[in-house]
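*Asks:* Input: one structure, supplied below.
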Amino acid sequence: MAGKSEQNAVVLDKQRPANVAQKSMKHHLILEDPAAALANVRHEFGEHGGVNMSIEASITFTVMEPENLSRMFAGELGPDRDFFIYSRHLNPTVLNLSRLMAALEGTEAAYCTSSGMSAISSVLLQLCSSGDHIVASRSLYGGTYALLTHFLPKACNITTSFVDIRDLNMVEEAIVEGRTKVLYFESISNPTLMVTDIPALCRIAHSKGVFVVVDNTFAPMVLSPARLGADVVVHSISKYISGAADVIAGAVCGPASLINSMMDLREGSLMLLGPTMNAKIAFELSERLPHLGLRMKEHSNRALVFATRITKLGLKVIYPGLENHPDHGLLKSLANEDYGYGGILCVDMETEEKANCLMNVLQNCTQFGLIAVSLGYYETLMSCSGNSTSSEMNNQEKELAGISPGLVRMSIGYNGTLEQKWSQLEKALSQMQ
């Protein structure tokens, strides 16, 4: 089945523009600017000529000629010829969003899932088998860390070695040739905002036959990991791409051979585990992607302004757009032009008590933002990472990851005017001091 289903690669990529350059690496199709890539994907019209595409809400599809059914299940007929079986396998509306995600990340193919964690777990389970090994950054989202530390070893006999991803020698030494299948890290780490040297890490991994999987949730538009050499890019679409904190969704972007294998009827992790995206959700997200670039620019602009001004008030700010950030030069060299340095900044209040006090004033006194996890919302969201989104780690693990007890992560929104929101932030900081 896997061999026959290569036709699906054509479906996922067939409507990409002819002027897209073929990268010299094995599978990447690249447009330098993500917004330009999105604009070059063929516009899908509605059934009756509507400017918006129609929603294919059906879960099952009529086969007009009965002899075609067996050919469809054998992989001889597929969506490239408008044959669909069942929406857990492929759905036309979800497929369209997947084409957009592939264009955004500059990959040959993509497919969208019901959550970011399902995207991560599905791709790791497709690339790894029992007894295999993963090398991962020790600075990761807490849910991913728990997946690698607890669930995969217990349920699947897949183990992980955690490394300082900045230490290239440590990364190389941790890879066990023949056993390590994946090098996994975040483009900008959650919550410590460490920037990874994607090209250097890819060179190391590829020299040893290891797949590179990068979570780009913190930096859509800002960074394009596949253009920098990564094999697979995963997203929690729930964050910046959604932008409204109302949708749970994820995506896997990568080579067509991998995406097709994940959709395989007999061995595919997406097909058999079933983290299926609802077609109505896919439609909504497809309508939001065209203005993602504009939103990211404003998120990044305000984060840089606020980070610069907070630093001048004497507080410890972590933001890769600041020249004193250890990875500022690296991010500047890797980032796509005009999208800034991302919309997340951290203020280190040193203790959890001070962090809670700051967030309380910001939310309940000056109305600067909301105490809530997640990111990418139009309002500013704040959380103390150590006791929330990184709570899956013990104290020693958090210390190794660089997460202090008082680290306040702020996802900077764009609601209101910049100066209005700065006035609220400045007032709160003054009260704290």
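The values are calculated or read from the model by the stated rules, or taken from the named source; none is laboratory data. The structure displayed is predicted, hence computed values, not measured ones. Positions of Cβ are backbone-derived with ideal geometry, glycine not excepted, and every protein chain shown enters the neighbour counts. Surface areas here come from the heavy atoms of the whole protein model, side chains and all, with no ligands, DNA or RNA. Shrake-Rupley method; radii C 1.70, N 1.55, O 1.52, S 1.80 Å.
*Asks:* Expected output is a single nm value to one decimal: the length gained when fully extending between SER130 and SER430, i.e. 0.36 nm times separation in residues minus the C-alpha distance. What is it?
*Replies:* Numbers: separation 300, 0.36 × 300 = 108.00 nm, distance 5.48 nm.
102.5 nm is the gain from fully extending SER130 to SER430.
*Asks:* Same structure again: How big, in percent, is the set of alpha carbon pairs in the chain lying more than 33 Å apart?
*Replies:* Values: 31390 of 93528 pairs.
It works out to 34 percent of all Cα pairs.
*Asks:* Moving on to the next point. Using the basic label-point model (7 angstrom from Cα toward the beta carbon), what is the GLU419 to ASN169 distance in nanometres?
*Replies:* Once both label points are built, they end up 5.3 nm from each other.
*Asks:* Probe 1.4 Å, all protein chains in place: accessible area of LYS280 in Å², nearest 10?
*Replies:* Counting only protein heavy atoms, LYS280 exposes about 120 Å² to solvent.
*Asks:* Can I ask one more? Which residue, PRO405, SER385, LEU345, has the largest displacement toward the positive end of the dipole of segment 291-432 when charges sit on each Cβ (Lys, Arg +1; Asp, Glu -1)?
*Replies:* Result: LEU345.
*Asks:* Give me the dipole magnitude in Debye, nearest 20, for the chain about the Cα centre, with unit charges on the beta carbon: positive for Lys and Arg, negative for Asp and Glu. Could you put the intermediate results ahead of the total?
*Replies:* Working: 34 positive and 44 negative charges, 51 e Å.
Taking the Cα centre of the chain as origin, the dipole is about 240 debye.
*Asks:* For the chain, which span is the longest to avoid every loop-located (per DSSP) member of GluC sites (Glu not before Pro) having at most 13 other Cβ atoms inside 10 Å? All intermediate terms of the calculation are to be shown ahead of the outcome.
*Replies:* Numbers: sites that count: GLU32, GLU47, GLU177, GLU267, GLU323, GLU337, GLU350.
Here the longest run is 48-176.
*Asks:* How far, in nm, would the chain grow between ASN387 and LYS316 when pulled straight, counting 0.36 nm per residue and subtracting the alpha carbon separation?
*Replies:* Values: separation 71, 0.36 × 71 = 25.56 nm, distance 1.93 nm.
Result: 23.6 nm gained on full extension.
*Asks:* Quick one: if the Förster radius is 22 Å, what FRET efficiency do SER333 and LEU294 give, using the C-beta to C-beta distance and rounding to 0.05?
*Replies:* Working: r = 24 Å, r/R0 = 1.10.
Efficiency, rounded to the nearest 0.05: 0.35.
*Asks:* Let me ask something else about it. List every residue whose amide H lies under 5 Å from the amide H of LEU370, counting only residues 5 or more places away in sequence or on a different chain, with H placed 1.01 Å from N in the peptide plane.
*Replies:* THR380, LEU381, MET382
*Asks:* Something else now. Considering amide H positions built from the backbone, and no H for Pro or chain starts, which residues 5 or more places from ASP231, or on another chain, come under 5 Å of its amide H?
*Replies:* For ASP231, the qualifying residues are VAL212.
*Asks:* Using helices alone, I'd like the mean residue ellipticity at 222 nm for the chain: each DSSP H run of four-plus residues gives -39500 (n - 2.57), total over residue count, nearest 500. Present the calculation step by step, with values, prior to reporting the outcome.
*Replies:* Numbers: 17 runs with 158 residues, N = 433.
Helix contribution divided over all residues of the chain: -10500 deg cm²/dmol.
*Asks:* Follow-up question, since we're still on this one. Once the convex hull of the alpha carbons of segment 256-318 is built, what does its volume come to per residue, in cubic angstrom? It would help to have the intermediate numbers written out before the result.
*Replies:* Numbers: hull volume 10.2 nm³, N = 63.
Cα convex hull per residue, to the nearest whole number: 162 Å³.
*Asks:* Does segment 275-433 come out rounded, prolate or oblate, given a ≥ b ≥ c as the square roots of the eigenvalues of its C-alpha gyration tensor, rounded meaning a/c under 1.5 and, failing that, prolate meaning a/b above b/c?
*Replies:* Values: a/c = 1.36, a/b = 1.28, b/c = 1.07.
Rounded.
*Asks:* Once the dipole of the chain is set up with Lys and Arg at +1 and Asp and Glu at -1 on Cβ about the Cα centre, which of GLY78, MET101, SER261 lies farthest towards its positive end?
*Replies:* Going by the charge dipole, the pick is MET101.
*Asks:* Magnitude of the Cβ-charge dipole of segment 306-390, K/R +1 and D/E -1, about the Cα centre, nearest 20 debye? Working shown, then result.
*Replies:* On the way: 5 positive and 9 negative charges, 37 e Å.
The calculation lands at about 180 debye.
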